[in-house]
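The values are calculated or read from the model by the stated rules, or taken from the named source; none is laboratory data. The structure presented is a predicted model; accordingly, all values stated were derived computationally and were not measured. With ideal geometry, Cβ positions are generated from the backbone for all residues, glycine too; neighbour counts draw on all protein chains shown.
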Amino acid sequence: MAPNAPATRPANPRFSSGPCAKPPTFQLSDLSDAALGRSHRAAIGKDKLRAAIERTRDILGVPADYRIGIVPGSDTGAYEMAMWTMLGERPVEMVAWESFGSGWVTDAVKQLKLEGGTHTADYGQIVDLAALDWSRDVCFTWNGTTSGVRVPSGELIPADRAGLTLCDATSAAFAQELPWDKLDVTTFSWQKVLGGEAAHGMIILSPRAVERLESYTPTWPLPKIFRLTKGGKLIEGIFKGETINTPSMLAVEDYLNCLDWAESVGGLKGLIARADANAKVVADFVDSHDWIAHLADDPATRSNTSVCLKFTDARIADGAAFAKAVAKRLEAEGVALDIGAYRDAPAGLRIWCGGTVETGDLEALMPWIDWAFEAEIAAQAAA
Ligand SMILES: Cc1ncc(COP(=O)(O)O)c(C=O)c1O
């Protein structure tokens, strides 16, 4: 028999892992001060871009001697810009435990054809960071968005490493502590944890990363969109808001609005607390149901943003079809949008728990997952 539907619905059913829910207070009219139709090189445009950089520094606690730039191509643009400009000087350790990290491995192995090693782990597991050769450059993703597995802390990254660390922190920045002294290149995009708009990425460089840029020239050609140096010197303007090419001033305004909201909830501390509280709602649900589990095996590696779950009930005949059907039921009811597992990841659900999601909405969603699961088990039995 099909179960009764819960009485309460999430006020906002947006639990997508990117673009993520906008800040709960968001209204389009918040963007009415955007410098639309103005040059991004005029004082008004440059001031806004500079503010986006400096307020990012304040909220994330980025050290004063690190450079922060706004770059094209979202996180992908930022990360590949780092790979293409800095790698090749020494062997590289490519590290991946889900789809996005695997994409960077493909870049290194098939496109750049770099010398070095590849270290991978299955979805749900993490690579042993202690086993890496940190005299090489190390490329990794802090929070694996498609498996819900994150680096538990920066402890295993040696402070005195000779290589650079290139960290894709797209789904970690603004939700997790990032140990800046262990990260030479950090990238993320606006569309993730703060619920900003896509298109632009941020690249954060340690002094050692800048030294690499100024002392090393790759053997391959670099398109203008990737060039961070001119005549062997860093183009400092990029890190003051003089972007390589034209940014969307609407997206910039939106990001500034996201930063306003981030400050209003207590900055990074407040954002982490919100994500932790959200992830706990899901973890408590998982703990009290024996047919669902985290994809991440080790609780210490469980993400507080992209929480990935798998169904474990022995009655399920076709895991992929079952998970899809559950996500479809939830979407049809308008209680959860976009929570199917990522296309390359194991079947299951992925529920975004970053700070822009309200804890009450996750609390309202959990009984619906129960409902959709029971309904699907019943439908399967009846088929
Ligand atoms: C870890 C990670 N890296 C890279 C990306 C790609 O980001 P973008 O589409 O903003 O370039 C994503 C997007 O979900 C991600 O989660």
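Every condition in (1) within 16 Å of the ligand (Cβ to nearest atom); (2) of a type outside the set (Gly, Ala, Ser); (3) in a strand (DSSP E or B) holds for residue 76 except the one numbered (3).
Looking for whichever is in contact with a strand residue (DSSP E or B) (Cβ under 7 Å, 6 or more places away or on another chain), away from the ligand (no atom under 16 Å from the Cβ) and at negative phi here; the options are 93, 115, 89. Which one fits? One residue alone meets the criteria, 93.
Does residue 316 count as among the aliphatic types (A, V, I, L, M), touching a Ser or Thr at 6+ places or on another chain (Cβ under 7 Å) and either touching a residue at least 12 places away in the same chain (Cβ under 8 Å) or in the same structural domain as residue 141 (by TED's automatic domain parsing) (or both)? No: the conditions fail for residue 316. For residue 121, the conditions (1) of a type in the set (A, V, I, L, M, F, W, C); (2) closer than 28 Å to residue 340 by Cα; (3) away from the ligand (no atom under 12 Å from the Cβ); (4) touching a His at 6+ places or on another chain (Cβ under 9 Å) are fulfilled apart from (4).
Is it the case that the stretch 28-37 has a residue that's closer than 25 Å to residue 342 by Cα, assigned by TED's automatic domain parsing to the domain that holds residue 146, at pLDDT 95 or above and polar (S, T, N, Q)?
No, because not a single residue in the stretch 28-37 is closer than 25 Å to residue 342 by Cα, assigned by TED's automatic domain parsing to the domain that holds residue 146, at pLDDT 95 or above and polar (S, T, N, Q).
Can you name the residue in the stretch 278-323 that is surrounded by 16 or more Cβ atoms within 10 Å (Cβ to Cβ) and of a type in the set (Gly, Ala, Ser) and, of all such residues, is nearest to the chain's Cα centre (by Cα)? Residue satisfying both the conditions and the ranking: 306. The condition (being small (Gly, Ala, Ser), modelled with pLDDT of 95 or more and under 30 Å from residue 367 (Cα atoms)) is satisfied by just one residue among 209, 275, 251: 275. Mind checking whether some residue in the stretch 101-119 is aliphatic (A, V, I, L, M) and assigned to a strand (DSSP E or B)? No, the stretch 101-119 contains no residue that is aliphatic (A, V, I, L, M) and assigned to a strand (DSSP E or B).
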